[in-house]
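Some notes on the structure that comes next.
The values are calculated or read from the model by the stated rules, or taken from the named source; none is laboratory data. Values in this document were obtained by computation on a predicted structure and should not be read as measured data. Backbone-built Cβ (ideal geometry, glycine too); neighbour counts: all protein chains shown.
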Amino acid sequence: MWDTTLQYFRSRSLLTGSDAVQLKWSHAVNSRNALVQALSGPSHMIEADVIIRDHDPMEPIMAHPPDTDSDITLKEWLEKVKMTSKGIKLDFKSLEAVSPSLALLEDLLAEPERPLWINADILSGPSGRTAPVDFQAFLSLVSSLPAQTVLSLGWTTGWTVGTNNPGYSWDMVHAMEEKSRDLKHPVTFPVRAALLAQSFFQLSWLLQQSDR
């Protein structure tokens, strides 16, 4: 089993045991204030969303659509995080943000032990209305990342309060297995937690297809 993320924190006495549920996360760290709180808090992993600013200078920034601007760029964000022992998860909402972001990650890649997770929704999932990131183009960009980089591959999803929301279908997990079958990197599947119960057998099957 791939456990490089756990091993990184264990080797620094920041985690005991080998259960991934012990990892603490800070999510949507897309502003200067949120980053200050995350860096000073107990989280092991910091997750943030990356888009391209919609006006000059058009560069990678930390924001989640429908936001189109931010008070912090990816370059500034990485410079702050690199001064700590935190792990990183970058969630790409568009393909155009991937290439310039990977260029900014070059210094970080010189630290091969630090956990780096790269996320994109590559397939349409339950009630998903936004277009997924093109998988072949995404893969061509991230395939040269170091072997220990975790690829976090998800589905676009939706949720309506007060209705019987569908879970992940067999077609959806079969398509994901086909996409990820030949990848060389460790893989994780981000899913909408509210849909786990009605998708238990499908997602269990997907996890059983590989030890990555």
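If you go through region 128-150 and pick out every residue that is in a loop (DSSP other than H, G, I, E, B) and either closer than 30 Å to Q7 by Cα or acidic (D, E) (or both), you end up with 8. Are any residues in region 124-152 surrounded by fewer than 19 Cβ atoms within 10 Å (Cβ to Cβ) and closer than 27 Å to N164 by Cα, and if so, which ones? The answer is S124, S127, G128, R129, T130, A131, P132. Residues in region 1-32 that are hydrophobic (A, V, I, L, M, F, W, C), in contact (Cβ under 8 Å) with a residue 60 or more places away in the chain and part of a loop (DSSP other than H, G, I, E, B) were compared, and the one that is surrounded by the fewest Cβ atoms within 10 Å (Cβ to Cβ) is M1. Could you go through region 20-32 and let me know if any residue there is out of contact with any strand residue (DSSP E or B) (no Cβ under 6 Å at 6 or more places or on another chain) and more than 22 Å from V150 (Cβ to Cβ). Checked against the condition, which is being out of contact with any strand residue (DSSP E or B) (no Cβ under 6 Å at 6 or more places or on another chain) and more than 22 Å from V150 (Cβ to Cβ), region 20-32 yields at least one hit.
Go through the residues of region 163-174 one by one and say whether even a single one is buried (at least 19 other Cβ atoms within 10 Å of the Cβ), part of a loop (DSSP other than H, G, I, E, B) and either touching a residue at least 40 places away in the same chain (Cβ under 8 Å) or not small (G, A, S) (or both). Scanning region 163-174, I find at least one residue that is buried (at least 19 other Cβ atoms within 10 Å of the Cβ), part of a loop (DSSP other than H, G, I, E, B) and either touching a residue at least 40 places away in the same chain (Cβ under 8 Å) or not small (G, A, S) (or both), so the answer is yes. Once region 83-117 is narrowed to residues that are among the small types (G, A, S) and farther than 14 Å from I51 by Cβ, the residue that is nearest to the chain's Cα centre (by Cα) is G87.
Hey, any hits in region 18-29 for a residue that's over 19 Å from the mean Cα position of the chain (by Cα), of a type in the set (S, T, Y) and over 26 Å from F138 (Cα atoms)? Yes, the conditions are met somewhere in region 18-29.
Of the residues that sit in region 91-115 and are surrounded by fewer than 21 Cβ atoms within 10 Å (Cβ to Cβ) and among the hydrophobic types (A, V, I, L, M, F, W, C), which one is farthest from L14 (Cα to Cα)? Within region 91-115, the match that is farthest from L14 (Cα to Cα) is L95. Of L206, L153, all but one fail to be under 22 Å from T5 (Cβ atoms), in contact with a His (Cβ under 9 Å, 6 or more places away or on another chain) and modelled with pLDDT of 95 or more; the exception is L206. Against the definition (closer than 24 Å to Q148 by Cα, touching a Ser or Thr at 6+ places or on another chain (Cβ under 6 Å) and not basic (K, R)), how does S43 come out, yes or no? Yes: the conditions hold for S43.
Selection of region 156-182 for residues being of a type in the set (V, I, T) and either closer than 12 Å to S127 by Cα or at pLDDT below 95 (or both) yields T156, T157, T160, V161, T163.
Among the residues of region 175-198, those identified as farther than 20 Å from D91 by Cβ, free of Cβ contacts under 8 Å to residues at least 40 places away in the same chain, within 21 Å of the chain's Cα centre (by Cα) and not in a loop (DSSP other than H, G, I, E, B) are E177, E178. Of all residues in region 62-118, those being part of a loop (DSSP other than H, G, I, E, B), acidic (D, E), farther than 15 Å from V29 by Cα and touching a residue at least 40 places away in the same chain (Cβ under 8 Å) number 1. Evaluated against (1) within 19 Å of W205 (Cβ to Cβ); (2) surrounded by fewer than 16 Cβ atoms within 10 Å (Cβ to Cβ); (3) touching a strand residue (DSSP E or B) at 6+ places or on another chain (Cβ under 6 Å), W155 falls short on exactly one condition, (2).
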